Amino acid sequence: MSPTRLNPDNVLDLCFTNTDIVNEITVGDLFSDHRFVHVSLSCQRKNAQKVSTVKCFRKASFDEINCILSRIDWDLRFSTLTVEDMYQDLVALLSNVSDKFIPVKIIKPSTKLHSSDIHKLQKKKLDVWRSEGNSVNYRALALHLRTRLSLEEKRITENRLCEGSSPHAFYKFVNSRWKSDEKIGILQDSAAGEDVTDDITKASLFSDTFSSVYTTDDGCASEFPVRTSQCLSSVDVSPHVVEFYLSHLQLKANTTPEGIPSIFLKHTCTSLALPLSIIYQRSLQYGIVPSVWKSAIVKPLYKKGSRCDPKNYRPISLTYSVCKVLEKIVRCEVTKHLNVNRLIIDRQYSASNINRTPLDFGGLGKTKKDTKNL
């Protein structure tokens, strides 16, 4: 290796690497009392911009989708299938229909568009850096550019706030600024005493952390005295009931494991009421639910404290929308049975839809009517 510094001749500059990315290193011409060091790298250039695609459910052709689903003889289609196969067949059919009649939107990373004056300052800053390096002129120009960028950002923010035509647009802009980065950074594994950077290892670490605070079912059921002779023998999941609950879903394109959000179920409530009713009836009849309903997408949500500690996150389970509809139907039937047979006392506010605004003073529940005299 040739010396990189003269008078005296020494190898002063070193190049360290732990991969085979370095292809060739050569010592070039003299620059002051040093020589140029040319490092040739062998690597592939990756595009920093990641483009993702999402389905635009709000622009879907639901008339065509309902027309196709309403022409299917569901009783004949599900006659020889199990509960598991019925649901898998329905999901496959809905996925195929969604690909045909729901447009796909390409999401590109947002790039800020600056004014022509900002672009001129950026070009001038680059020219000064190439000619003078980290000089006084360069530092003054960099400070001036940062000031101009700050003023431009402030102007754009004020214009967007003033031009908002509705409160929805205003709060959408505010939420976009308050939205934090959802990426999980480096985590600390306290048991192993090391940092975790791999995504698979992070998922395992979150799984161990969340499962450590769960309560294990001991299989012991509590005994209560019999207070009524009435029994909830069945749950009504007829097509008109299923259609009612589907029609009252929110118009949200929420993330679900099967890719069927509530906005899709709401717009196709009439055509999907019969197949879902058949699946619900078979599930309640045989006490079997599709195995995928027992799984969920668990998303860690940051609470407070250090972001490197997995204990400072709480899990959010993204479950199947079709399963949540059945859960809502069963819950309403159970609540109705408890209220009709007066199995819930008046002060059990959390289990009743009546008097949901109590004030608890010294353990004495106060209804909305009682609080008027306080």
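All of the numbers you see were taken from the coordinates with simple rules; none came from a lab. Small disclaimer: the values here were computed from a predicted structure and weren't measured. Cβ coordinates were reconstructed from backbone atoms using ideal geometry, including for glycine residues, and neighbour counts include every protein chain displayed.
The three principal axes of the Cα atoms in the chain give end-to-end lengths of 104, 62, 53 Å, sorted in falling order.
Calculated FRET efficiency, S212 and N7, Cβ-Cβ r, R0 56 Å, to nearest 0.05? E between S212 and N7, to the nearest 0.05, is 0.30.
For K55, nonlocal amide neighbours, meaning residues 5 or more places apart or on other chains whose placed amide H falls under 5 Å from its own, are K105.
Of the residues L93, Q250, C323, the one whose Cα sits farthest toward the positive end of the charge dipole of the chain, with +1 on the Cβ of Lys and Arg and -1 on the Cβ of Asp and Glu, is Q250. Here the spin labels are modelled as points 7 Å beyond Cα on the Cα-Cβ line, and at R160 and T17 they lie 4.1 nm apart. The loop-placed trypsin sites (Lys or Arg not before Pro) in the stretch 86-131, going by DSSP, that have at most 13 neighbouring Cβ atoms within 10 Å of their Cβ come out as K112. Maximal additional length on extending the H337-D199 stretch stands at 45.0 nm, based on 0.36 nm per residue less the C-alpha distance. Seen through its C-alpha gyration tensor, with square-root eigenvalues sorted a ≥ b ≥ c, the stretch 114-171 comes out prolate because a/c lies at 1.5 or above while a/b is bigger than b/c. Close amide-amide hydrogen proximity is noted between T4 and N10, V11, L12, D13, each under 5 Å apart and 5 or more residues distant or on a separate chain (H modeled in the peptide plane; Pro and chain starts excluded). When K299, K108 are sorted by how many other C-beta atoms sit within 10 angstrom of their C-beta, beginning with the fewest, the order is K108, K299.
Would you be so kind as to identify all helices of the chain, as entire DSSP H runs, whose Cα atoms reach 20 Å or more along the helix's own axis and whose mean Kyte-Doolittle hydropathy is at least 1.0? TM-like helix candidates: nothing returned. Couplings for the stretch 13-18, taken from phi via the Karplus curve 6.51 cos²θ - 1.76 cosθ + 1.60 with θ = phi - 60°, read 9, 10, 10, 9, 7, 10 Hz in order; Gly and Pro are left as x. Among 150-157, 16-23, sorting by the average number of other beta carbon atoms lying within 10 angstrom of each residue, highest first, gives 150-157, 16-23. Think of the stretch 117-175 as having a plus end and a minus end, set by charges on the Cβ of Lys, Arg, Asp and Glu; of N137, Y171, T157, N137 sits farthest toward the positive end of this dipole. The residues packed around N137, meaning those with a beta-carbon under 14 Å from its beta-carbon, carry a net charge of +2 if Lys and Arg are +1 and Asp and Glu are -1.
The distance between label points at R77 and D29 comes to 7.6 nm (points 7 Å beyond Cα on the Cα→Cβ vector). For A142 and K59, the FRET efficiency from 1/(1 + (r/R0)^6), where r spans their Cβ atoms and R0 equals 41 Å, is about 0.35. With a Förster radius of 25 Å applied to the C-beta separation of K299 and Q250, the computed FRET efficiency comes to 0.85. About the centre of its Cα atoms, the chain shows a dipole size close to 1960 debye [charges on the beta carbon of Lys, Arg (+1) and Asp, Glu (-1) only; nearest 20 debye]. Near V292, within a Cβ-to-Cβ distance under 11 Å, what is the net charge of the other residues, with Lys and Arg +1 and Asp and Glu -1? Summing Lys/Arg as +1 and Asp/Glu as -1 gives -1.
Taking each residue as 0.36 nm, the span from V39 to E153 lengthens on full extension beyond its C-alpha to C-alpha distance by 37.1 nm.
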